[in-house]
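Presented below is the structure to which this report refers.
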Amino acid sequence: MQVENFKIFADLVETKSFSKSAKLNGITQSAVSQQARAMERHFKTLLIDRSQKQFQLTREGLRVYEAAKEILHQYEKLLSELQEMKKVISGTIRISTIYSIGLHELPPFIKKFLHDYPSVNVRVEYRRSNLVYEDILHNSVDFGLVAFPVKMRQIEMIPFRNDHLVLITHPGHPLAKGGEVQLQTLAGHKFIGFDPDIPTRKAVDQIFRENKIEIDPVMEFDNIETVKRAVEIDAGVAIVPQATVLQEVKQGTLAAIHFKGKEFTRPLAILHRKGRVLTPAMRKFIETLGTDLSAVEKP
């Protein structure tokens, strides 16, 4: 048995999918099935209960999975220790992030990281929030970046930063004329929201409930870019993270207005699988995300 065999089997167990395990390891679905049968021949026992409709391990299969996780953990730990001994910062870091963070929060940090550690390759995937958690649980990526993080037993959460939520309008909108706006004022205006299952939308709905404001969105979208485009054509107003509209405000295509007497924030977090061995490159990446870029970047 080689380490790769245990990795493919562990991925198969955790994703409960031959196709997903194949994708994670860059092989065909048929190859995953052959690997599983090869392990059964090697250990002379059935590992997968094929009499069930859903993926399920036998008792022996569960023990092999547990041992595989231990072997993989020790292997990853060894690789990390050897890199540290050689003072090598290299490899690939895979990131799964929601659109608003990936497009507007992450780029300057990645730019600094790649400048400091040019031997590291960073791959970023843009995903809906629920899929970021799935990517972490399935070990498809090294890190996830989400807003309003949800505590999960198998996931480690590291605070990243807090976004300020602001109201955005067309520059010619009546609400854009004042420097601040009362939250209650929004009740009389068309509102553009995120889809109901998106965490930022849930947080905005909670703000409205707590302030006894009834809002029925005229439009709902699944990403920040489409929300901004709708506001730019004056289809309504929206509440979004301030960091996501800096460019549009600077260009004069949107107006960003703060709420009078109130401050609403959106917590962001870095996620990784609990128990995962962090390579030197991964630890340096986390350190970079903790950097105050205003202190290192020229205005």
Problem - Option label - log10 I(q)/I(0) by the Debye sum over Cα atoms at q = 0.09, 0.14 Å⁻¹ computed here, alternatives [x] -0.44, -1.09; [y] -0.58, -1.05; [z] -0.64, -1.19 - result: [y]
Fill in the blank from the handout: In degrees, nearest 10, the alpha-carbon axis of helix 107-116 is tilted away from the dominant principal axis of the alpha carbons of the chain by 50 degrees
Completion exercise
Expressed as a whole-number percentage, the relative contact order of the stretch 182-299 with C-alpha contacts under 8 angstrom and at least six residues apart is 25 percent
Practice task
List the trypsin sites (Lys or Arg not before Pro) within the stretch 231-270 that fall in a DSSP loop (any state other than H, G, I, E or B) and whose Cβ has at most 16 other Cβ atoms within 10 Å.
Solution key: 260, 262
Exercise for the section: Given the options 152, 85, 39, state which has the largest fluctuation in a GNM of the chain using a 10 Å cut-off (strictly under) for Cα springs. Expected result: 85
Completion exercise
Note on the chain, DSSP bridge orientation, antiparallel percent to nearest 5 equals 55 percent
Problem - the stretch 7-40 residues near the modelled residue 1 label - backbone nitrogen below 17 Å, point 7 Å along Cα→Cβ - result: 7-14, 32-40
Practice task
Name the shape class, rounded, prolate or oblate, that the alpha-carbon gyration tensor gives for the stretch 194-242, where a ≥ b ≥ c are the square roots of its eigenvalues, rounded holds for a/c under 1.5, and otherwise prolate holds if a/b is larger than b/c and oblate otherwise.
Solution key: prolate
Exercise for the section: Calculate the length of the line joining the C-alpha centroid of the stretch 1-68 to that of the stretch 205-262, in whole Å. Expected result: 47 Å
Practice task
With a Förster radius of 45 Å, plug the Cβ-Cβ distance of residue 70 and residue 202 into 1/(1 + (r/R0)^6) and report the FRET value to the nearest 0.05.
Solution key: 0.70
Practice task
Could you state the angle between the C-alpha long axis of helix 59-85 and the longest principal axis of the C-alpha atoms of the chain, as a value from 0 to 90 degrees rounded to the nearest 10?
Solution key: 70 degrees
Exercise for the section: Among DSSP beta bridges whose residues both lie in the stretch 107-243, state the antiparallel percentage, nearest 5. Expected result: 50 percent
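Sort out the exposed loop GluC sites (Glu not before Pro) in the chain (DSSP loop, at most 10 other Cβ within 10 Å) and tell me the longest stretch that has none.
1-213
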Exercise for the section: Normalising by the residue count of the chain, find the relative contact order in percent from Cα pairs under 8 Å and 6+ residues apart. Expected result: 22 percent
Practice task
Using a/c under 1.5 as the rounded threshold, could you call the stretch 163-266 rounded, prolate or oblate? The axes a ≥ b ≥ c are square roots of the C-alpha gyration tensor eigenvalues, and prolate needs a/b larger than b/c, oblate otherwise.
Solution key: rounded
Exercise for the section: Starting from the Cα of residue 82, step 7 Å toward the Cβ, then list every residue of the stretch 1-44 with an amide N under 13 Å from that point. Expected result: 3
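Just want to confirm a number: the relative contact order over the stretch 3-85, from Cα pairs under 8 angstrom separated by 6+ residues, in percent.
30 percent
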Handout entry: Compactness of the stretch 3-85 as Cα Rg over 2.2 N^0.38 Å, two decimals
Key = 1.14
Exercise for the section: Specify whether the C-alpha gyration tensor of the stretch 125-169 places it in the rounded, prolate or oblate class, a ≥ b ≥ c being the square roots of the eigenvalues: rounded for a/c under 1.5, otherwise prolate if a/b is larger than b/c and oblate if not. Expected result: prolate
Handout entry: Which listed pairs, of 23/53; 7/202; 23/202; 86/151, have C-alpha distances above 30 Å, in listed order
Key = 7/202; 23/202; 86/151
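Taken together, the values in this text are just the output of simple stated rules run on the coordinates, not laboratory data. What you see is a predicted model, and the numbers here were worked out from it, not measured in a lab. Every residue, glycine as well, gets a Cβ built from its backbone with ideal geometry; the counts of neighbours run over all protein chains shown.
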